[in-house]
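Okay, so here's the structure we're looking at.
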Amino acid sequence: MTDSQRLEQGDTAPAFRLQDETGSPVSLTDFQGKKVVLYFYPAAMTPGCTTQACDFRDNLNSLQSAGYQVIGISKDEPAKNAEFKAQESINFPLLSDPDLEVHKAYAAYGEKTLYGKTVVGVLRSTFVLDETGFVTLPLYNVKATGHVASLRKKLGIDD
C-alpha cells in the first residue's frame with residue numbers, strides 16, 4: 001500500500017455501513033452535521049487498543065463539548081466489541097469491519113513494521129471529519145499511548 005492511496009485533508013471520507021457492538025447497522029451518514037473522530041484499532045482487549053479506547057473514553061466529555069463524536073472501528077466481530085465495551089466501560093460506538101473493506105477504503109490496513117519485521121495488518125489510524133463528511137485531519141500510524149492528548153492539542157481542545 002503506497003502513501004498515494006492514503007486519505008488527505010480535504011478528501012471525502014469513504015461512506016460505510018457497519019454493525020455496532022449490538023449488531024445494529026451504523027452508517028457514516030448517521031453522523032451528517034456532526035464532527036467525527038473515527039479511529040481504527042487492531043484488536044479489542046489487547047493492551048495498546050485498551051489503552052487507546054480508555055483514553056478516548058476518559059476524554060469523551062471534552063471531545064463532545066467541542067462537538068466531536070468518537071467512533072472506533074476494528075476487524076472484531078460485534079460480540080467481541082460488546083465484551084470489550086462492557087469490560088472497559090467504553091462510552092462510544094465500536095463498529096465491526098471483519099472483511100476490512102472500510103479499513104482498506106481509509107488506507108488503515110497494509111504493510112507495517114512490527115518488532116522489526118514487515119507484516120500486513122491494521123494500521124492504527126485516526127481521521128477527523130467535518131460536519132459535511134470531509135477529512136480535516138488524517139493521522140496514520142499513531143501510537144496508542146498519548147494519542148488522544150496529541151489529538152486534543154491538534155484540535156485546539158483545552159483540558
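The values are calculated or read from the model by the stated rules, or taken from the named source; none is laboratory data. Here the structure is a predicted model, which means the values were calculated and not measured. Every residue, glycine among them, receives a Cβ derived from its backbone with ideal geometry; neighbour counts consider all protein chains shown.
Determine if the stretch 43-60 includes at least one residue that is surrounded by fewer than 18 Cβ atoms within 10 Å (Cβ to Cβ) and within 18 Å of LEU18 (Cα to Cα). Scanning the stretch 43-60 turns up at least one residue that is surrounded by fewer than 18 Cβ atoms within 10 Å (Cβ to Cβ) and within 18 Å of LEU18 (Cα to Cα). Screening ALA15 on (1) over 22 Å from PHE134 (Cβ atoms); (2) not in a helix (DSSP H, G or I) shows it passes everything except condition (1). Only a single item in (1) assigned to a strand (DSSP E or B); (2) surrounded by fewer than 21 Cβ atoms within 10 Å (Cβ to Cβ); (3) without any contact (Cβ under 8 Å) to a residue 40 or more places away in the chain is not met by VAL26, and it is number (3).
Go over the candidates ALA108, ALA149 one by one and state the one that is of a type in the set (A, V, I, L, M, F, W, C) and crowded, with 17+ Cβ neighbours inside 10 Å. Can you show your working first?
Details: ALA149 fails: crowded, with 17+ Cβ neighbours inside 10 Å.
Of the residues listed, the single one that is of a type in the set (A, V, I, L, M, F, W, C) and crowded, with 17+ Cβ neighbours inside 10 Å is ALA108.
Taking the residues in the stretch 125-152 that are over 14 Å from VAL70 (Cα atoms) and among the aromatic types (Phe, Trp, Tyr) as candidates, determine which candidate is modelled with the highest pLDDT. Per the stated criteria, the residue is PHE134.
Here the helices (runs of 4 or more DSSP H) wholly within the stretch 70-159 that include at least 3 residues being of a type in the set (A, V, I, L, M) and touching a residue at least 40 places away in the same chain (Cβ under 8 Å) are 147-155.
Let's see how each residue does on (1) at pLDDT 95 or above; (2) under 13 Å from the mean Cα position of the chain (by Cα); (3) over 26 Å from GLN9 (Cβ atoms); (4) charged (D, E, K, R):
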position	(1), (2), (3), (4)
ILE73	yes, yes, no, no
ALA82	yes, no, yes, no
ASP97	yes, yes, no, yes
LYS117	no, no, yes, yes
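Taking the conditions (1) at pLDDT 95 or above; (2) polar (S, T, N, Q); (3) exposed (fewer than 12 other Cβ atoms within 10 Å of the Cβ); (4) part of a helix (DSSP H, G or I) in turn, SER4 satisfies each one other than (1).
Yes/no per residue for (1) closer than 22 Å to LEU123 by Cβ; (2) acidic (Asp, Glu):
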{"position": "THR12", "(1), (2)": "yes, no"}
{"position": "ALA15", "(1), (2)": "yes, no"}
{"position": "LYS35", "(1), (2)": "no, no"}
{"position": "ASP76", "(1), (2)": "yes, yes"}
{"position": "ALA82", "(1), (2)": "no, no"}
{"position": "ALA86", "(1), (2)": "no, no"}
{"position": "ASP99", "(1), (2)": "yes, yes"}
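When PHE92, PHE16 are checked against the criterion of being in contact with a Lys or Arg (Cβ under 9 Å, 6 or more places away or on another chain) and of a type in the set (Phe, Trp, Tyr), PHE92 stands alone in meeting it. Reported count of residues in the stretch 42-61, each being part of a helix (DSSP H, G or I) and within 16 Å of GLY146 (Cα to Cα), is 13. Looking at this structure, is TYR39 under 13 Å from ALA144 (Cβ atoms) and buried (at least 18 other Cβ atoms within 10 Å of the Cβ)? Yes.
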